[in-house]
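A short write-up of the structure that comes next.
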Amino acid sequence: MGKVILKALDLKKEIDGKEILQHVSFQIEEHASIAIRGSNGSGKSTLLKLLAGIYDPTSGKLVRNAKRIGYVPEHFPENLRFKLKEYLTLVATFQGMTKKDIEAELSEYIGLFEIESFTNTPLKKCSKGTKQKVGILQALLIKPDILLLDEPLTGLDTSSQQNLMAMLEKLKTKMTIIFTTHEDLLVENIADQIFYVKDGRVLVQTENKSSQRVIKVRFPNKNVLLGLEFNELHMEEDIAIITISRDKSDDLLRKLLNNNCSVLDVRERI
Amino acid sequence: MQGFIKYQFKSYIRSFKIIPPAATFLIWIVVLYHYSGVEILSSYAVSSIVLYIVTTWIAMNLFSIEEEAEKNMLFVQVGKVNYLLGKWMISFLIALALTLFSIFYPLLLGSFKEAVQPIHLGLSIFIHLLFAIFGILVGSFSSITSFIPKRYTWLSAVLIIAITLSYEGIVEKLSFLKWLLLIFPPVVNVINFFEPDDLNYFGKEFWIFSSLLSYTQLSPFLH
């Protein structure tokens, strides 16, 4: 068992007299990757803000064994009065980084996020996606022990989403990552554990890997699907969405391809 | 902290929100010293009252320049305590610049009826900086206390300023409020020493009062 980096003991959070979270207890180990899931308004962001130290718990205890925490809000502020590079440089100075280190770090991250052409652009004039990248960058720049991300894929184009996921996968080994999300793909690729927030309570699921896969195929005629083994089947014109257990999915895919079906998508069922 | 102060200062200047309070103060000083031959201490007392109001305005501006997401990021980046200290420091630095203007402008113009002695300068710096701290405290209190709804923050600041400036009148009419009103900055009590424009009024009582006041104002920064 690794070092516990975050420990919550019977946390409760009320906002304007309304109970948002109650009886929340868990512990998170160093270098764990946690997805916080739940429906809109369930308290996911509140939980993340509690972990970040933005909110203080109404009662209960939260122990943070981390020197630095990076926080990425769901929506990057719209009215920052700085140019992109100027903002990141200023944020880096908060942590006492030297000018030389800041330059080196910045040029690496700016290249990685492909925002070189916007370094001297006022943040107000940057696109939503660029702002979102800056939001992630400001958190990474300080080399956090814990990285907290609120809906990190919001506002990013597909290529930036892929880049971010690849980066988070790399970062997994270096820091603890906790994020809220509705995206199955992010959970599947990054998370080791899932925290479900429902009715103000947090349910911890330690095993993330799903036991089922969803396969989307285009079929030449319905007959090719007859005699195949699966758990669920939905058809719409010439498209079939098949749910099957993970261990039998490869076999089914092989049969579908042999029967001239086109595989359009395969994903884990979360 | 230096980086955060730089960040705050740039953000505040670029928001142009500094213009109304700073312009109000500068115009007031220019008008105050339009006539020459004015009294030293009572003039400085008037400019420090204006500084008190303007610093409250500036502190409230500073606490409201960020939207929620920016504030959340700053809380995490610098910590809540440093965030508050940073706001206070930048308010104080701006108030210091305004103080220097209000002290040296009449000296350059030769507006006073008599020669200014070092004790006058010392007392004027003291009262301006003390009232700047009062202003910062009133502005911060109105902006960050959770029990004042956001839409009433300006109203509460105006109310506190009105109470502190009319303290004597309120106590005269409603003497039972005397002790309750002690929680507000003792603006009038300090002004009363300056109004007669006579250095003889600054006896033992003033220095004991000032020492106690300075300690209570500065203690949050020292601990």
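Projecting the Cα atoms of A:Phe113, A:Ser127, A:Asn79 onto the dipole axis of chain A, where Lys and Arg carry +1 and Asp and Glu carry -1 at the beta carbon, places A:Asn79 farthest toward the positive end.
In this simple spin-label approximation, A:Val4 and B:Ile19 carry label points 7 Å from Cα along the Cα→Cβ vector, and these lie 5.6 nm apart.
Placing unit charges on the Cβ atoms of the charged side chains and taking the dipole of chain A about its Cα centre, the candidate lying farthest along the positive direction among A:Gly227, A:Ala52, A:Tyr196 is A:Ala52. When A and B come together, around 2000 square angstrom of accessible surface is lost from both chains combined, probe 1.4 Å.
With contacts taken as Cα pairs under 8 Å and at least 6 residues apart, the range B:1-119 reaches a relative contact order of 46 percent.
Entry note, the range A:1-155: relative contact order of 28 percent, from Cα contacts under 8 Å with a spacing of 6+ residues.
By definition, a body whose alpha carbon gyration tensor gives a ≥ b ≥ c is prolate when a/c is 1.5 or more and a/b is larger than b/c, and the protein assembly as shown fits this prolate description.
Sketch the reach of a paramagnetic label on B:Glu67 as a point 7 Å from Cα along Cα-to-Cβ, and name the residues of the range A:62-76 whose backbone nitrogen lies under 14 Å away. Within reach of a label on B:Glu67, which here means backbone N under 14 Å from a point 7 Å along Cα→Cβ, the range A:62-76 contributes A:73-76. Considering only B:Ser111, B:Tyr35, B:Ile18, the residue lying farthest towards the positive end of the dipole of chain B is B:Ile18, judged by Cα position with unit charges set on Cβ. For A:Met167, the solvent-accessible surface computed with a 1.4 Å probe is close to 20 Å², ligands and nucleic acids excluded. Taking all protein chains together and a 1.4 Å probe, the residues A:Lys44, A:Lys67, A:Lys128, A:Lys7 rank A:Lys67, A:Lys128, A:Lys7, A:Lys44 from largest to smallest accessible area. For the protein assembly as shown, the solvent-accessible area works out to 50 Å² per residue, with a probe of 1.4 Å and every protein chain left in place.
Please list the helices of chain A that count as membrane-span-like by this rule: a mean Kyte-Doolittle hydropathy of at least 0.0 together with Cα atoms stretching 27 Å or more along the helix axis, each helix being a complete DSSP H run.
Numbers: long enough: none.
Within chain A not a single helix satisfies the rule.
What order do B:Ile125, B:Ile170 take when sorted by accessible area (1.4 Å probe), most exposed first?
On the way: B:Ile125 75, B:Ile170 40 Å².
From most accessible down to least: B:Ile125, B:Ile170.
Each label point was placed 7 Å from the Cα along the Cα-to-Cβ direction; for B:Ala162 and A:Ala66 their separation is 4.7 nm. Taken along the Cα-to-beta-carbon direction at a fixed 7 Å, the label points for A:Asn40 and A:Arg201 span 2.6 nm.
Interface residues of the range B:67-96, defined as a loss of at least 30 Å² in heavy-atom accessible area between the chain alone and the complex of all protein chains with a 1.4 Å probe, are B:Glu67, B:Ala69, B:Glu70, B:Asn72, B:Met73, B:Val76, B:Gln77, B:Lys80.
Around the Cα centre of chain A, unit charges on the Cβ atoms of Lys, Arg, Asp and Glu (plus for the first two, minus for the last two) sum to a dipole of about 640 debye.
Counting only DSSP beta bridges with both residues in the protein assembly as shown, what percent are antiparallel, rounded to the nearest 5? So the antiparallel bridges amount to about 65 percent of the total.
If R0 equals 60 Å, the separation of the Cβ atoms of A:Gln162 and B:Leu26 corresponds to a calculated FRET efficiency of about 0.65.
Put A:Arg201, B:Arg151, A:Arg37, B:Arg14 in order of accessible area, largest first, 1.4 Å probe: what do you get?
Numbers: A:Arg201 120, B:Arg151 185, A:Arg37 30, B:Arg14 95 Å².
From most accessible down to least: B:Arg151, A:Arg201, B:Arg14, A:Arg37.
Of all the options B:Thr99, B:Thr56, B:Thr164, the one that moves most in a Gaussian network model of chain B with Cα springs shorter than 10 angstrom is B:Thr164.
The length gained by stretching the chain between A:Asp56 and A:Thr98 to full extension, at 0.36 nm per residue less their Cα-Cα distance, is 11.9 nm.
Considering only A:Thr93, A:Thr130, A:Thr180, the Gaussian network model of chain A with Cα springs below 10 Å gives its largest mean-square fluctuation to A:Thr93.
Under a Gaussian network description of chain B, with springs only between Cα atoms under 10 Å, the residue in B:Ala157, B:Ala115, B:Ala95 that fluctuates furthest is B:Ala115. For the peptide B:8-16, the mean number of other protein chain Cβ atoms found within 10 angstrom of a residue's Cβ is 2. Dipole check for the range A:168-243: with +1 at the C-beta of Lys and Arg, -1 at the C-beta of Asp and Glu, and the Cα centre as origin, the magnitude is about 300 Debye.
Each Cα pair under 8 Å and six or more residues apart adds its sequence gap; the mean of these over the residue count of chain A is a relative contact order of 21 percent.
Would you calculate a helix-derived [θ] at 222 nm for the protein assembly as shown, using -39,500 (n - 2.57) for each DSSP H run of n ≥ 4 and dividing by the full residue count, to the nearest 500? It would help to have the intermediate numbers written out before the result.
Numbers: 17 runs with 248 residues, N = 493.
For the protein assembly as shown, the value works out to -16500 deg cm²/dmol.
Take A:His182: with every protein chain present and a 1.4 Å probe, its accessible area is about 90 Å².
Sort out the exposed loop chymotrypsin sites (Phe, Trp or Tyr not before Pro) in chain B (DSSP loop, at most 13 other Cβ within 10 Å) and tell me the longest stretch that has none. Working shown, then result.
Values: sites that count: B:Phe16, B:Tyr35, B:Phe147, B:Trp179.
It runs B:36-146.
The values are calculated or read from the model by the stated rules, or taken from the named source; none is laboratory data. Just so it is clear, the model here is predicted, and its values are computed rather than measured. Please note: Cβ atoms are built from the backbone with ideal geometry, for glycine as well, and neighbour counts cover all protein chains shown. These area figures cover heavy atoms from the full protein model, side chains too; ligands, DNA and RNA do not enter into them. Shrake-Rupley method; radii C 1.70, N 1.55, O 1.52, S 1.80 Å.
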